[in-house]
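Engineer: Below are the structure tokens for one structure; questions will follow.
Derivation of every value follows stated rules applied to the coordinates shown; laboratory data play no part. Please read these numbers as outputs of a predicted model, since none were measured by experiment. Every residue, glycine among them, receives a Cβ derived from its backbone with ideal geometry; neighbour counts consider all protein chains shown.
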Amino acid sequence: MLHASAELQRFEHSSKSDGSLSFLVLGDWGRRGAYNQSEVAFQMGEVGEKLDIDFVVSTGDNFYDNGLTSHHDSAFEESFTNIYTAKSLQKQWYSVLGNHDYRGDAEAQLSPVLREIDRRWLCLRSFIVDSELAEIFFVDTTPFVEEYFSDSDGHSYDWRGIMPQKSYITNLLKDVELALRESTAKWKIVVGHHAIRSVGHHGDTQELIKQLLPILQANNVDFYMNGHDHCLEHISDTQSPIQFLTSGAGSKAWRGDLKKLNRGDLKFFYDGQGFMSVKLTQTDANIEFYDVSGKVLHRLTTSKQLYTSM
Ligand SMILES: [Zn+2]
């Protein structure tokens, strides 16, 4: 029997009439407002208004400590609907699952029932958001991480739909590679929960370095965005133009146990709470990191030629 890999689900989200696209990126947040989650949410509302954002990207670990218990779990409203109340945040949210989400009923977060409770919510394992200007490839990274399977540290994970792990990953990588190869978007962005590169608590994810990174490097990806480490950071790939951007500071932060910081590829690291904004045009990307008071801590700008000659 032939097992054709299922194509990734694709959502169209058009750019603004001036051709630009803006969005916020947030990770590791759902704590019923605690640990400055509400303060970060407030500043997202302010920046969202200023940039007239088109949508919000969540890099996962959406609900602490153990995801949702079911699609009736009140944490959904207490940590999402009732927290991100600013007018500018009443846009589509595109979310992936983090490892903490897999400790609960992972399928609950994927359920259309949640979209009936709050129509902003869209969480799937892996999918594509296509704005023509940019294509954003959301990748389910938790199943890549071996230690969750071999040494689960007392946690139980909801692996329904994932087993067998090996073929799940193989098919996913095949789908991502094909979609990236066929993409004609000006900007190619990949979003996952786990960092490829990080100097934070969890550090690099070896499985992603080995299996996912070569595909991104071979297909002209501009940015890889993730959460997992509760910090804000920017690391440059040493072998390609890829910029690694961590936005996992939506609530609990200040862990304080970073790895060594004196390395040339580390452009920025902040151990506290905050979020990131992205503004794209045909020629420029402007990315900013904000702290809990809305102060811009770091800015990354990249330009592309409008016309490239072969
Ligand atoms: Zn995580």
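Engineer: When the distances between all Cα atoms of region 1-133 are binned every 5 Å from zero, what whole-number percent does each bin get?
Structural biologist: Answer for region 1-133: a P(r) of 2, 10, 19, 23, 19, 14, 8, 3, 1, 1, 0 percent.
Engineer: Could you size up the charge dipole of the chain around its Cα centre, putting +1 on the beta carbon of Lys and Arg and -1 on that of Asp and Glu, and report it in debye to the nearest 20? Could the numbers behind the result be given before it?
Structural biologist: Working: 30 positive and 43 negative charges, 122 e Å.
Taking the Cα centre of the chain as origin, the dipole is about 580 debye.
Engineer: Go ahead and set up a Gaussian network model of the chain, Cα springs under 10 Å, then flag whichever of Gln243, Gln109, Gln165 fluctuates most.
Structural biologist: Highest fluctuation among the options: Gln165.
Engineer: Under Stokes-Einstein, with the Kirkwood radius over Cα pairs standing in for Rh, what whole-number D in µm²/s applies to the chain at 20 °C and 1.002 mPa s?
Structural biologist: Numbers: Rh = 19.3 Å.
Taking Rh from Cα pairs, D becomes 111 µm²/s.
Engineer: Sticking with this one: How much length would be gained if the chain were fully extended between Gln305 and Asp118, taking 0.36 nm per residue of separation minus their Cα-Cα distance, in nm to one decimal?
Structural biologist: Details: separation 187, 0.36 × 187 = 67.32 nm, distance 4.01 nm.
Between Gln305 and Asp118, full extension yields an extra 63.3 nm.
Engineer: Within the chain, what is the longest stretch that has no GluC sites (Glu not before Pro) placed in a DSSP loop and near at most 12 other beta-carbon atoms within 10 Å? Let's see the in-between values first.
Structural biologist: Numbers: sites that count: Glu7, Glu146.
Counting only loop sites that pass the neighbour cut-off, the longest clear stretch is 147-310.
Engineer: Ignoring chymotrypsin sites (Phe, Trp or Tyr not before Pro) that are buried or in helix or strand per DSSP, and keeping those with at most 15 other beta carbon atoms within 10 Å, what is the longest stretch of the chain between them? Present the calculation step by step, with values, prior to reporting the outcome.
Structural biologist: On the way: sites that count: Trp254, Tyr307.
In short, 1-253.
Engineer: Calculate, in nm to one decimal, what Gln206 and Ser14 gain on full extension: separation in residues at 0.36 nm each, minus their alpha carbon distance. List each step's numbers first, then the result.
Structural biologist: On the way: separation 192, 0.36 × 192 = 69.12 nm, distance 3.49 nm.
Computed gain between Gln206 and Ser14 is 65.6 nm.
Engineer: Sticking with this one: By how many nm would the segment from Val296 to Glu182 grow when fully extended, if each residue of separation counts as 0.36 nm and the alpha-carbon distance is taken off? Display every interim value, and only then the final one.
Structural biologist: On the way: separation 114, 0.36 × 114 = 41.04 nm, distance 3.53 nm.
The Val296-Glu182 span can extend by a further 37.5 nm.
Engineer: Taking the simple approach of a point 7 Å from Cα along Cα-to-Cβ for both Gln90 and Lys259, what is their distance in nm?
Structural biologist: 4.4 nm
Engineer: For the pair His155 and Ser74, what calculated FRET efficiency results from E = 1/(1 + (r/R0)^6), where r is the Cβ-Cβ distance and R0 = 25 Å, to the nearest 0.05?
Structural biologist: Values: r = 22 Å, r/R0 = 0.88.
Efficiency, from the Cβ-Cβ distance: 0.70.
Engineer: Another one. What list of ³J(HN,Hα) couplings, whole Hz, do you get for region 120-133 from phi and the Karplus terms 6.51, -1.76, 1.60, once you set θ to phi - 60° and write x for glycine and proline?
Structural biologist: 6, 6, 9, 10, 9, 5, 9, 6, 10, 10, 10, 10, 6, 4
Engineer: Lys and Arg at +1, Asp and Glu at -1: add these up for the other residues within a Cβ distance under 12 Å of Ile215 and post the number. Mind showing how you got there, number by number?
Structural biologist: Numbers: positive: Lys174, Arg181, Lys188, Lys210; negative: Asp175, Glu177.
It works out to a net charge of +2.
Engineer: Give, in whole angstrom and from largest to smallest, the semi-axes √(5λ) of the equivalent ellipsoid of region 68-161, with λ running over the eigenvalues of the Cα gyration tensor. Mind dumping the intermediate values first?
Structural biologist: Working: eigenvalues 120, 70, 23 Å².
Equivalent ellipsoid semi-axes, largest first: 25, 19, 11 Å.
Engineer: Where does the charge balance sit around Ala185 when Lys and Arg score +1, Asp and Glu -1, over other residues with C-beta under 14 Å from its C-beta? Let's see the in-between values first.
Structural biologist: Working: positive: Arg10, Arg181, Lys186, Lys188, Lys304; negative: Glu12, Asp130, Glu132, Glu135, Glu182, Asp222.
Surrounding charge for Ala185 is -1.
Engineer: Using only Cα atoms, what Kirkwood radius does region 165-244 have, in angstroms?
Structural biologist: Values: mean 1/r = 0.0764 Å⁻¹.
Result for region 165-244, one decimal place: 13.1 Å.
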